[in-house]
Every structure is written in C-alpha cells, then in structure tokens.
Amino acid sequence: MPSPVQLLTRLDALASSLREREDALALLALGSVGLETHRLDQHSDLDFFVLVAPGAKPKYLAALDWLEHAHPVAFSFYNTPDGCKLLFDDGIFAEYAVFELSELPHIAYTAGRVVWKREDVPNLSASSCVRATSPAPSPEWHTNEALTNLLVGLHREARGERLTATRFIQSYAVDRVLALAALHGAEQGGADPFMPERRFEGRFPEMAARLPGMMQGYQNNEASALCILTWLEDHASVHPRLAAEIRQLCRQQS
C-alpha cells in the first residue's frame with residue numbers, strides 16, 4: 001500500500017507535470033494531503049484541485065496525459081462535471097477537480113495547501129460556500145461510484161475507522177446498487193420520487209433478497225463488500241483492477 005511519503009511525492013510529481021504547461025496555474029491539495037498531513041497513513045488518498053487558465057478546463061477534463069506524466073493511471077471515471085476519481089497503477093487512489101480561477105470563489109471546499117502556483121496567481125482563499133454539482137445518473141456512474149465507495153470504505157476499515165467504513169460500504173455503495181436495480185430491473189409498483197429505498201422490497205423482490213448479504217452489519221464490512229462486488233460483476237461492467245483491489249483488501253482484513 002502507498003506510504004505517506006509516496007502520496008506527497010505523487011503531488012510533487014503532479015506539480016512538476018503541471019509546471020510544464022502554460023495553461024496550468026496552480027495545484028491545491030486538500031484533506032489529509034492538504035493542511036492535515038498529520039492524518040496521513042497508508043490508507044489515505046489524494047484530494048486536490050487543479051486551477052487552469054480561462055478556456056483550458058475542458059482540455060484537462062478530457063485528457064489524462066498530465067496525470068500520466070506523473071505516473072501511469074490504471075482506472076478513472078468522471079464522477080462530477082468538474083472532476084474525476086482515479087486509481088494510479090501503483091495503488092494510489094485520487095479524487096480531483098479542475099477549475100478556472102474565476103470559479104474558485106463559488107466552490108465549497110475545506111482549507112487547502114498550495115503545492116504549487118505560478119507567481120502571478122493571487123493568494124488562494126481557504127474556503128467558500130456554494131452550490132453542489134449533480135453528476136449524471138448513468139449506469140456507469142452508479143457502478144463506478146459504488147466500486148470506489150467500496151475501495152474507500154475498505155481502506156477506512158483497515159485503518160480502524162469502522163463507522164465511516166460501514167457507511168461507505170453498507171450505505172453509500174448500497175444506494176448506488178439500489179439505483180442500478182431501478183435502472184435495470186423489472187419494477188413492480190410505484191417508486192417514491194424522494195426516497196428510492198421506500199417500498200423497495202415490493203418493487204424489486206428478487207433484488208431485495210440479496211440485500212441481507214450486502215448489509216451484514218457493523219462487524220462484517222468485508223463480507224458485505226464482497227457481496228456487493230459480486231452483484232455488480234453480475235449486473236454491470238466492473239473494471240478488473242478495481243475488483244482486484246477490493247478483493248485484496250478483503251483478504252488482508254479477513
């Protein structure tokens with residue numbers, strides 16, 4: 001698993017990659033790689049913003065070459081209109097977003113650490129408040145969100161953070177499974193537009209029969225994660241590297 005030193009070194013490599021591009025302006029690290037590096041351990045991931053020149057944002061979202069220049073990427077998917085989740089080939093997991101400077105005052109984020117910025121870029125504000133973006137609810141999005149929920153949850157379980165692990169695995173990932181069932185399954189009865197879990201057992205009886213295995217309780221996150229992963233592999237296109245990472249984490253903790 002990646003060490004804290006490897007995580008911080010990866011940020012430095014990303015900064016070096018961006019420095020070579022005239023339309024890249026700054027790299028802002030957030031969370032445990034930002035101002036809370038005392039929390040870093042082998043189960044941490046990379047959270048960061050990339051700030052770019054006006055008009056350059058679509059290019060940075062469309063291509064991963066600036067990331068590949070730092071290290072090969074094994075998997076990625078766009079989970080919001082502004083950003084992406086990805087797994088580097090060496091197992092480092094990252095979540096990032098790309099913004100133009102003019103957008104930054106309208107973005108909500110915790111205080112960050114400037115890894116690199118051009119001299120003419122003004123000081124970056126610590127935080128702001130604003131609207132949340134809504135990802136497109138495609139089957140691919142729900143699948144990949146569920147898989148990354150499992151990955152993050154299992155890392156937190158390994159760290160001893162069982163409560164948040166349980167929520168990521170047995171709540172957030174299961175929410176995405178419910179959404180996939182609604183997209184693919186034969187529904188019996190009407191849905192509540194505000195609470196998709198309402199009347200689920202009557203609407204999707206076959207799928208509902210699988211839920212006990214996906215939510216085996218506070219002491220059984222690994223078994224729940226494997227059940228969710230198996231269902232996803234049976235009903236969606238699962239990236240093999242993510243499946244392998246999830247199974248490896250389960251084996252290490254069993």
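The values are calculated or read from the model by the stated rules, or taken from the named source; none is laboratory data. Because the structure is a prediction, the values reported are computed rather than measured. Note that we place each Cβ from the backbone using ideal geometry, even for glycine, and neighbour counts take in every protein chain shown. Just the protein is used for accessible areas: all its heavy atoms, side chains included, with ligands, DNA and RNA removed. Shrake-Rupley method; radii C 1.70, N 1.55, O 1.52, S 1.80 Å.
What the table shows:
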item: Full-stretch length increase - residue 65, residue 108 - with 0.36 nm per residue and alpha-carbon distance subtracted; result: 12.8 nm
item: Over the chain, relative contact order from alpha-carbon pairs under 8 Å, at least 6 apart, %; result: 16
item: Gain in span if fully extended, residue 244 to residue 13, counting 0.36 nm per residue against the direct Cα distance; result: 80.6 nm
item: Rounded accessible area per residue of the chain, 1.4 Å, Å²; result: 47
item: Shape call, the chain: gyration tensor on alpha carbons, a/c limit 1.5; result: prolate
item: Accessible-area composition of the chain, carbon plus sulfur, in percent [1.4 Å probe]; result: 53
item: In Å², nearest 10: area of residue 44 left accessible to a 1.4 Å probe; result: 10
item: Eligible lysines near residue 117 by straight Cα distance, threshold 22 Å, same-chain separation 8 or greater; result: 57, 59
item: Radius of gyration and Dmax over the Cα atoms of the stretch 2-109, both given in Å; result: 13.1, 36
item: Nearest-0.05 FRET efficiency for residue 219 and residue 3, computed from C-beta distance (R0 30 Å); result: 0.55
item: Antiparallel DSSP beta bridges within the chain, as percent of all bridges there, nearest 5; result: 75
